[in-house]
């Protein structure tokens, strides 16, 4: 009887101590992005100028190709300038084709027409939804002399849910670039 009472007390003690909550592994941490607080910068080339918030880095000496880097966001906006020389239709077709090359991986592409009559800047902004390589594309022109294209890329495998906050931040900067763009007239 003493043995049964001992076994019963050990069993009750064991059950009491084992009724605590299950230990669960810690969930994966959420991505914490630090957005640049450098303020706006002016980028000036022989053909155009605009404001942006990135860390600029030019890729060529003639400034026809500019990369605006965002190291904290692991992304960049690639901008290319071309002079219009009777080839506006081809430049427009190429820019639109580049934007729609992402349609295979994209969940959708939203187009927004851009018109700034004051500075003679006209173009199109494409916002790409889904796991596409580029989250945004744009082109702007004055329809006579200047044509500019831009693309947003991240240095990571596309995962739309993960890069969405950074993409939204950089898409604001792209719109700022388009809105502040001014052409420089060449003699």
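Shape of the stretch 38-187 from its Cα gyration tensor (a ≥ b ≥ c, root eigenvalues): rounded if a/c is under 1.5, otherwise prolate when a/b > b/c, or oblate?
It is oblate, given that a/c is not under 1.5 and a/b is not larger than b/c.
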Over the stretch 42-183, what is the mean sequence separation of C-alpha contacts under 8 Å (at least six apart), divided by residue count, expressed as relative contact order in percent? 25 percent
Cα centroid of the stretch 62-141 to Cα centroid of the stretch 144-187, whole Å: 7 Å
For the stretch 132-180, fraction of C-alpha pairs farther apart than 14 Å, in %: 54 percent
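For 144, 181, 91, which order do you get if you count the other beta carbons within 10 Å of each Cβ and list the fewest first? Kindly include the intermediate steps, with their values, before the conclusion.
Numbers: 144 10, 181 22, 91 18.
Ranked by crowding around the Cβ, least crowded first: 144, 91, 181.
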Radius, Kirkwood style, for the stretch 81-149 when every pair of distinct Cα atoms is counted (Å): 12.5 Å
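For a quick check: sort 89, 101, 40 by the number of other beta carbons within 10 angstrom, fewest at the front.
On the way: 89 8, 101 14, 40 11.
By the 10 Å Cβ count, ascending: 89, 40, 101.
Every number in this text was worked out from the coordinates using simple rules, so none of it is lab data. Computed from a prediction, not measured in an experiment: that's the story for all the values here. All Cβ positions, even for glycine, are placed from backbone atoms using ideal geometry, and neighbour counts span all protein chains on display.
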